[in-house]
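Peer 1: One structure coming up, written as structure tokens, with questions to follow.
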Amino acid sequence: LGTRISKAISSMGQAMIIDEKVLDGVLKEICTALLQADVNVKQVANLRNGVKKRVNIPELAAGLNKQRVIEKAVFDELCDMLDSGADPKKVELKKEKGKQHTVMFVGLQGSGKTTTCTKYAYYYKKKGWKPALVCADTYRAGAFDQLKQNATKAQIPFFGSYKETDPAVIAEQGVNRFKAEGRDLIIVDTSGRHKQEAALFEEMKQVAAAVTPDVIIFVMDGSIGQAAFDQAKAFKEAVEVGAVIITKLDGHAKGGGALSAVAATKSPIIFLGTGEHMDQFESFETKRFVQRLLGKGDVSGLMDKIQDVIPEDKQPELLDTISKGNVTMRVLKDMFESVLELGPMSEMMSMLPGFNSDLLPKGNDKQSQMMIRRYITIIESMTDKEADTTNIKTLQETSRVNRLARGSGSTPQQVLSLLESYKHYSKYATQALKAANLPKNLKSMK
Ligand code: GDP
Ligand code: MG
């Protein structure tokens with residue numbers, strides 16, 4: 001998708017004058033690409049009109065880069081579509097003394113509810129909450145065992161029953177139990193069905209009535225294509241959906257369904273699932289998502305910045321290394337150093353493709369900068385061999401972690417957190433640079 005949209009936009013560069021006709025042609029290309037990414041037909045039409053409204057060609061000042069203007073209009077329209085109008089703060093959990101939150105998960109069978117429940121619980125556990133999991137799925141054989149296994153792995157208390165067949169009864173028992181035990185985040189996992197059907201919706205209503213959740217989270221498989229809008233709408237009509245989590249946005253999922261889910265439920269997306277593992281879970285950021293949807297990553301922006309900072313003769317070398325998947329600690333250090341020179345950390349860090357910004361202190365530039373400096377110091381204390389390896393496992397050995405900590409005046413946790421960042425970074429940087437059509441960029445840089 002991304003390349004197609006980028007191509008459409010850059011093809012304008014070849015047109016001598018950008019007039020209404022050229023814009024229409026470009027928009028047609030973009031709309032086709034969006035449809036292929038599973039964006040809902042109606043939304044695509046809206047986008048088209050929105051962009052046309054935003055971009056008034058005859059009135060554009062001479063000298064303005066029209067291509068950029070159109071590109072930005074497409075970007076802004078997509079961001080607007082993902083804005084549910086609902087206040088995300090309302091679904092964001094806030095710790096209040098004595099307040100016990102109950103959250104109920106709904107979605108079709110196989111959408112990733114049980115997996116996501118645990119990820120969600122684990123995410124908040126790391127933030128200091130006391131989560132607990134309740135299995136109210138009596139429909140799928142083995143459902144309780146699955147939840148039990150996940151919960152045990154994440155060391156989160158769980159509740160369920162092999163005997164009771166009424167999901168509403170189990171849900172109520174579980175919630176009451178954990179309320180009595182003083183848990184502050186009680187998560188109710190429910191059953192699904194293979195398709196939207198009356199029995200499922202009836203069951204959801206009963207469970208919701210039994211536990212009166214603070215928020216109901218709708219979990220949707222991100223790879224279901226054009227079916228997304230109707231599915232999300234059906235769930236919204238059955239229960240009071242307050243937030244959405246899109247799963248399986250790893251692999252080849254195109255993600256256009258997410259826009260449909262927001263449109264159909266008028267609820268914000270709060271997290272994305274990007275794999276089967278517990279930590280493959282990201283808090284949702286609209287701009288980052290749209291960039292990914294457009295296939296750009298933030299790479300193009302990053303490239304521009306890198307061009308400004310890294311000495312010209314070193315650029316091709318650095319990018320070449322990354323594109324070959326040879327991301328080493330040394331490469332990461334170069335990145336960190338260039339990013340430090342560039343200004344506002346939060347913005348810069350979000351430009352590093354795949355960099356897990358959750359690993360940085362939120363909303364505090366000074367702290368982020370200190371953390372990056374700390375990472376650089378740790379990398380500087382490595383031997384050449386360590387700094388140039390792509391084999392992260394050897395760096396994770398306890399004795400080595402301890403030595404690096406001592407050698408750089410850090411804690412072993414800080415070393416481990418650097419290694420964790422590295423893992424994310426090296427994986428995504430390679431993918432994102434590939435998606436960004438690196439060879440072209442490289443050439444233009446030389
Ligand atoms: P449920 O029926 O809605 O409870 O769905 P499950 O949690 O049992 O998940 C169904 C399948 O999807 C399992 O094999 C999960 O491992 C897998 N799954 C869940 N979330 C993700 C994700 O974000 N990415 C990938 N690749 N697989 C996922
Ligand atoms: Mg399940």
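Peer 1: What about ALA264, is it modelled with pLDDT of 80 or more, over 10 Å from the mean Cα position of the chain (by Cα), surrounded by 21 or more Cβ atoms within 10 Å (Cβ to Cβ) and assigned to a strand (DSSP E or B)?
Peer 2: The answer is no for ALA264.
Peer 1: Take the residues in the stretch 281-307 that are surrounded by fewer than 17 Cβ atoms within 10 Å (Cβ to Cβ) and closer than 20 Å to GLU92 by Cα; name whichever of them is modelled with the highest pLDDT.
Peer 2: SER283
Peer 1: Pull up the stretch 166-191, narrow it to residues that are in a loop (DSSP other than H, G, I, E, B) and over 22 Å from THR116 (Cβ atoms), then point me to the one that is farthest from the chain's Cα centre (by Cα).
Peer 2: Ranking the qualifying residues of the stretch 166-191, first place goes to ASP166.
Peer 1: If LYS119 satisfies all but one of (1) crowded, with 22+ Cβ neighbours inside 10 Å; (2) at pLDDT below 80, what's the number of the condition it fails?
Peer 2: Of (1) crowded, with 22+ Cβ neighbours inside 10 Å; (2) at pLDDT below 80, only one is false for LYS119: (2).
Peer 1: Among the residues of the stretch 128-151, write down those that are surrounded by fewer than 23 Cβ atoms within 10 Å (Cβ to Cβ), in a helix (DSSP H, G or I) and not polar (S, T, N, Q).
Peer 2: ALA143, PHE144, ASP145, LYS148
Peer 1: Determine whether ALA154 is surrounded by fewer than 22 Cβ atoms within 10 Å (Cβ to Cβ) and either of a type in the set (Ser, Thr, Tyr) or more than 16 Å from ligand 1 (Cβ to nearest atom) (or both).
Peer 2: no
Peer 1: State all residues of the stretch 175-207 that are more than 15 Å from ligand 2 (Cβ to nearest atom), within 22 Å of HIS101 (Cβ to Cβ) and not hydrophobic (A, V, I, L, M, F, W, C); if no residue qualifies, say none.
Peer 2: Selection gives ASN176, ARG177, LYS179, GLU181, GLY182, ARG183, ASP184, LYS205, GLN206.
Peer 1: In the stretch 1-50, what count of residues is obtained for those that are modelled with pLDDT of 80 or more, over 13 Å from GLU71 (Cα atoms), over 23 Å from the mean Cα position of the chain (by Cα) and among the aliphatic types (A, V, I, L, M)?
Peer 2: 2
The values are calculated or read from the model by the stated rules, or taken from the named source; none is laboratory data. Model, not experiment: these values are computed from the prediction. Using ideal geometry, Cβ is built from the backbone for each residue, glycine included, and neighbour counts are taken over all protein chains shown.
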